1. Placing +1 on the Cβ of each Lys and Arg and -1 on the Cβ of each Asp and Glu in the chain, which of ILE231, LEU271, SER64 has its Cα farthest towards the positive end of the resulting dipole?
2. Using the Cα gyration tensor of region 54-132, with a ≥ b ≥ c the square roots of its eigenvalues, what is the shape: rounded (a/c below 1.5), prolate (a/b larger than b/c) or oblate (neither)?
3. Dipole size in debye (nearest 20) for region 148-303 around its Cα centre, Lys and Arg Cβ +1, Asp and Glu Cβ -1?
4. Determine the shape class of region 2-138: with a ≥ b ≥ c the square roots of the Cα gyration tensor eigenvalues, call it rounded for a/c under 1.5, and otherwise prolate if a/b is greater than b/c, oblate otherwise.
5. I'd like the trypsin sites (Lys or Arg not before Pro) in region 249-310 restricted to DSSP loop residues with at most 15 other Cβ atoms within 10 Å, sorted by number.
6. By its C-alpha gyration tensor, with a ≥ b ≥ c as the square roots of the eigenvalues, how is region 226-279 shaped: rounded for a/c under 1.5, else prolate for a/b larger than b/c, else oblate?
7. Roughly how far apart, in whole Å, are the Cα centres of region 256-303 and region 200-250?
8. Let's see if you can work this out: charge +1 on each Lys and Arg Cβ, -1 on each Asp and Glu Cβ, no other charges. What is the dipole magnitude of region 71-123 about its Cα centre, in debye to the nearest 20?
Amino acid sequence: MVKFWAQRADRMNGPTVRPLTVEDTDALLEMIHDSPVSNLFPLEHYERIGLPRPSFLTKMHSASPFVGVFEDTPDEEFPVLRGCVWFGVNIVPLHLEPRHVPRVADYILRTRKRPASVFGPAEFVMPLWELLRGTFPTPFDVRPHQPLLVQTDLEGSPRIAERASAPGLSRVRWADEEDVEALVPASVSMFTEEVGYSPLSRDPEGYLRRVRETVRSGRTVLATDLDGDVIFKTDLGLATQGMCQLQGVWLAPRLRGQGLSESFLAQACELIRPRFPTISLYVNDYNSPARSLYKAVGFEEIGAFSTVLL
């Protein structure tokens with residue numbers, strides 16, 4: 001009983017962890033824009049759903065996927081937002097001071113929710129995962145270091161894009177709904193190579209729906225051969241405010257090793273940049289061919305992500 005009350009007192013005296021509400025909008029956006037490329041996931045999701053109003057019925061703050069860490073400061077009348085985590089289907093830390101990690105982990109564990117993954121800046125993800133992993137199921141995969149890259153060489157990319165491709169292969173273009181049938185095998189192949197299992201083995205309808213929606217929202221670029229088969233693709237997994245994050249960069253296995261990846265990816269970037277001038281992605285550190293590809297097309301490392309797949 002003494003231990004229980006000691007733990008409760010510690011929670012009461014330390015930083016406060018609670019879902020954010022509309023009153024926290026300015027503080028949240030300031031935190032996001034401190035590292036906009038790293039925080040592209042929470043930024044896009046904020047733009048989709050915003051923040052809710054407090055619930056007057058329950059006298060508690062309304063549920064929100066944005067969970068903040070608040071601390072009292074001598075110069076402020078009210079507690080100040082010092083850290084934040086997106087806590088939805090996935091857990092995505094925006095910013096966490098080391099002293100906040102145990103409090104946030106305690107909040108997450110007390111909800112008894114089981115996310116699909118934990119990902120985001122490595123400096124926040126890995127310390128948080130250290131406190132969660134003893135309670136959560138054994139992860140499917142842990143990727144502790146994934147370099148976060150941004151395309152910075154904007155002069156070299158156009159030259160690479162103009163390199164001659166193999167005969168019979170189209171240039172990269174935006175996908176439309178007529179491409180969905182041909183796109184699905186390429187998307188499934190990419191996912192299986194990246195994650196280790198076919199997405200059709202778990203939720204085929206849901207995966208096909210996501211492929212269609214990504215095309216419908218203008219977030220897929222591709223190239224095809226003479227038979228209409230997709231031989232290159234990538235998606236804009238996140239895209240807002242002139243920034244995007246590429247996901248699912250894929251070239252048909254039969255065309256690999258011929259120097260085509262650089263040309264296709266450079267073409268993709270040239271196509272995307274008028275809409276989203278800041279192009280980013282993150283890559284597994286052990287994927288040497290991919291890292292070489294991104295370097296050749298002008299991407300530079302600006303940080304590191306981590307991903308825990310549950």
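1. SER64
2. Working: a/c = 2.13, a/b = 1.22, b/c = 1.74.
Note, shape of region 54-132 comes out oblate.
3. Details: 17 positive and 22 negative charges, 32 e Å.
Using Cβ point charges on Lys, Arg, Asp and Glu, region 148-303 gives about 160 debye.
4. Details: a/c = 1.37, a/b = 1.05, b/c = 1.30.
Rounded.
5. Numbers: sites: ARG254, ARG256, ARG275, ARG291, LYS295; in loops: ARG256, ARG275.
Filter output for region 249-310: ARG256, ARG275.
6. Because a/c hits 1.5 or more and a/b exceeds b/c, region 226-279 counts as prolate.
7. 16 Å
8. Numbers: 7 positive and 8 negative charges, 125 e Å.
Taking the Cα centre of region 71-123 as origin, the dipole is about 600 debye.
All of the numbers you see were taken from the coordinates with simple rules; none came from a lab. None of the values given here were measured: they were computed from a predicted structure. Methodologically, a virtual Cβ is constructed for each residue, glycine included, from the backbone with ideal geometry; neighbour enumeration extends over all protein chains shown.
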